[in-house]
Amino acid sequence: MDIATLSLRTQADLIASGALSSEALVRHYLDMISKHNGEVNAIVQVARVEDLIAQAQAADEKVRSGAPLGRLHGVPMTVKDMCKVAGFPCTMGTEGLAGFVAEEDATIVARVKAQGAIILGITNVPELLMAFETDNLVYGRTNHPLDSQLSPGGSSGGEAAAIASGCSPAGLGSDSMGSVRVPASMVGIAGLKVTQGRLPQTGRVPMEGASLHVRSASYGPMGRYIDDVALLLEIIAGPDGIDPNTMPVPVQDYQRCDISTLDVAWYENNGWCEVQPEIAQALRRAVDTLAPFVGSVTNDAPACLNKVKSLALEMIAFGADGGQSWYQGAKLMGSKALSPLFEAFLESASSCQLTVTELRGRLREWDQYNFAMQAFSQRYPITLCPVSATTAQAHGHSVGQIDNYTFTMAYSLSGQPVATVCIGKDNNGLPIGVQVVGQLWCEHQVLAVASVLERAFSQSDAAN
């Protein structure tokens, strides 16, 4: 069998049946890490080989004993370097946390472990997660698996590159401004930004609440396939009794979701930037592909998109205080030197100094924006649009191209669930992703639509 093509669910089923051993699976990924991680620099902390093999052997023995098995029994995976995994460093890519080692698991890590998952290692991020590419002074830069001169995006760029290079089958990332969706699109894998409040943030570094970020930041599953992120979502979702912002809304089965009556909107122009022609063409092909499966498709976009850039940058990224909370946070963590990417971010943030009265006004605008977005989603339960204006770009390119990422910012503000799935490649063979946006708490509809596109375009690739 070709292990590289197996979904998480298939891997777990094969292990449970005895057709594949966890040890063989773990050794496969260790071999891939040995072959490819040196070039992509995606997994920056790999677990001790002897510990991984011991865990895998214990998982195989449990299968032989006939004991009850978890849904991820014996399956390896990775975790983004901002989510606590007991015994691993958790640095967020900043120098001051280079010596910090987590003593306990984040809630979502504890949940995948409880289902039998084996943590291979920790994946790279930009410093304090504040960039749409991945580079820092602790571990260096992460490269695109197809071209080392290109970036896989950020801030979950290490996680995306690990999966796309075959070093990990899936993992746990996070998304505040597009940090799951942009890298997933750049490397051609699946990613999911969940409804805000779906996943407990317990175990984030440096703190769970994160001030204004509590309205937009969340963990998010990433994998080779839509079914991978769906399975992970089912396992990690729900309150933990600690994070007060997590809601007890059940996750519905996307495989039983009827999308035949859903009205779908799509747009390629958000008023902030022109998209690469191949992206526009791929989006239209995706719309045409989806049309027979849904109620209707309409070229339409929310009128409030003209508010995206100012609200997202001022309220989510810059923190409304000229970046001072970010700068002081880095210093409090003990970071004496800051990475060029983070320095560039702070320079951009310095222009945003809001008074308390202005901040109250922006919060009111943000609420009005969300009312408008929810009204649009009632009219169109699903929206298709680009992830970014371009495919993968050269390292350092994202700093001066912030408008390219306003497509993802739009739904960071609204808190809606968004899946990213690959719908083709550009003229240079670089992946093109699409955002499949849904109504609040309707991940099942988002995943069902994304899976239709995934099947269609993967079959198209196979035919070619």
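The values are calculated or read from the model by the stated rules, or taken from the named source; none is laboratory data. It should be emphasised that the depicted structure is a prediction, and the values quoted were computed from it without experimental measurement. Note: ideal-geometry Cβ built from the backbone for every residue, glycine included; neighbour counts use all protein chains shown. Accessible surface areas use protein heavy atoms only, side chains included; no ligands, DNA or RNA. Shrake-Rupley method; radii C 1.70, N 1.55, O 1.52, S 1.80 Å.
The residues listed here are R360, R379, R364; of these, the one that is closer than 20 Å to N270 by Cα and surrounded by fewer than 24 Cβ atoms within 10 Å (Cβ to Cβ) is R379. Taken over the range 111-126, the criterion of being in contact (Cβ under 8 Å) with a residue 24 or more places away in the chain and in contact with an Asp or Glu (Cβ under 8 Å, 6 or more places away or on another chain) is satisfied by I122, T123, N124, V125, P126.
The set of residues in the range 260-276 being among the acidic types (D, E) and surrounded by fewer than 20 Cβ atoms within 10 Å (Cβ to Cβ) consists of D263, E274. Do we find a residue being under 28 Å from D426 (Cβ atoms), open to solvent by less than 20 Å² (accessible area, probe 1.4 Å) and under 23 Å from the mean Cα position of the chain (by Cα) anywhere in the range 231-241? Scanning the range 231-241 turns up no residue that is under 28 Å from D426 (Cβ atoms), open to solvent by less than 20 Å² (accessible area, probe 1.4 Å) and under 23 Å from the mean Cα position of the chain (by Cα). If you check S377, S412, S388 for being under 19 Å from V187 (Cα atoms) and hydroxyl-bearing (S, T, Y), only one passes: S388.
Of all the listed residues (V138, V85, V112), the sole one being more than 19 Å from S179 (Cα to Cα), assigned to a helix (DSSP H, G or I) and not small (G, A, S) is V112. Could you check, for the range 325-334, whether at least one of its residues is under 20 Å from R141 (Cβ atoms) and either open to solvent by 60 Å² or more (accessible area, probe 1.4 Å) or in contact with a helix residue (DSSP H, G or I) (Cβ under 8 Å, 6 or more places away or on another chain) (or both)? Yes, some residue in the range 325-334 is under 20 Å from R141 (Cβ atoms) and either open to solvent by 60 Å² or more (accessible area, probe 1.4 Å) or in contact with a helix residue (DSSP H, G or I) (Cβ under 8 Å, 6 or more places away or on another chain) (or both).
From the list V434, V399, V449, pick out the single residue that is more than 15 Å from the chain's Cα centre (by Cα) and either at pLDDT 95 or above or surrounded by 21 or more Cβ atoms within 10 Å (Cβ to Cβ) (or both). Being more than 15 Å from the chain's Cα centre (by Cα) and either at pLDDT 95 or above or surrounded by 21 or more Cβ atoms within 10 Å (Cβ to Cβ) (or both) holds for just one of V434, V399, V449, which is V449. Scanning the range 57-77 for residues that are crowded, with 22+ Cβ neighbours inside 10 Å and farther than 18 Å from A106 by Cα gives A59, H73, G74, V75. Screening E50 with (1) surrounded by fewer than 17 Cβ atoms within 10 Å (Cβ to Cβ); (2) of a type in the set (D, E, K, R); (3) farther than 19 Å from Y29 by Cβ gives one miss only, at (3). For the range 264-319, enumerate the residues that are among the aromatic types (F, W, Y) and within 21 Å of the chain's Cα centre (by Cα). Matches in the range 264-319: F318 only. Does N143 meet the test of being in contact with an Asp or Glu (Cβ under 6 Å, 6 or more places away or on another chain) and not basic (K, R)? Considered against the rule, which asks whether it is in contact with an Asp or Glu (Cβ under 6 Å, 6 or more places away or on another chain) and not basic (K, R), N143 comes out as no. Before we move on, is S156 under 11 Å from the mean Cα position of the chain (by Cα), within 22 Å of K425 (Cβ to Cβ) and not acidic (D, E)? When the stated conditions are applied, S156 passes them. Looking only at the range 354-391, count how many residues are within 21 Å of G433 (Cβ to Cβ) and of a type in the set (F, W, Y). Selection size over the range 354-391: 1. Residues being of a type in the set (A, V, I, L, M), farther than 30 Å from P340 by Cβ and crowded, with 18+ Cβ neighbours inside 10 Å are entirely absent from the range 78-101. When we screen G154, G158 for residues that are open to solvent by less than 10 Å² (accessible area, probe 1.4 Å), farther than 17 Å from L199 by Cβ, out of contact with any helix residue (DSSP H, G or I) (no Cβ under 8 Å at 6 or more places or on another chain) and not aromatic (F, W, Y), the only hit is G158.
Quick one: is S216 closer than 30 Å to R360 by Cβ and touching a residue at least 12 places away in the same chain (Cβ under 8 Å)? Yes, satisfied. Number of residues in the range 68-101 that are free of Cβ contacts under 8 Å to residues at least 24 places away in the same chain and within 13 Å of G203 (Cα to Cα) equals 2.
Looking only at the range 290-324, which residues are open to solvent by 20 Å² or more (accessible area, probe 1.4 Å), free of Cβ contacts under 8 Å to residues at least 40 places away in the same chain and in a loop (DSSP other than H, G, I, E, B)? Within the range 290-324, G295, F318 qualify.
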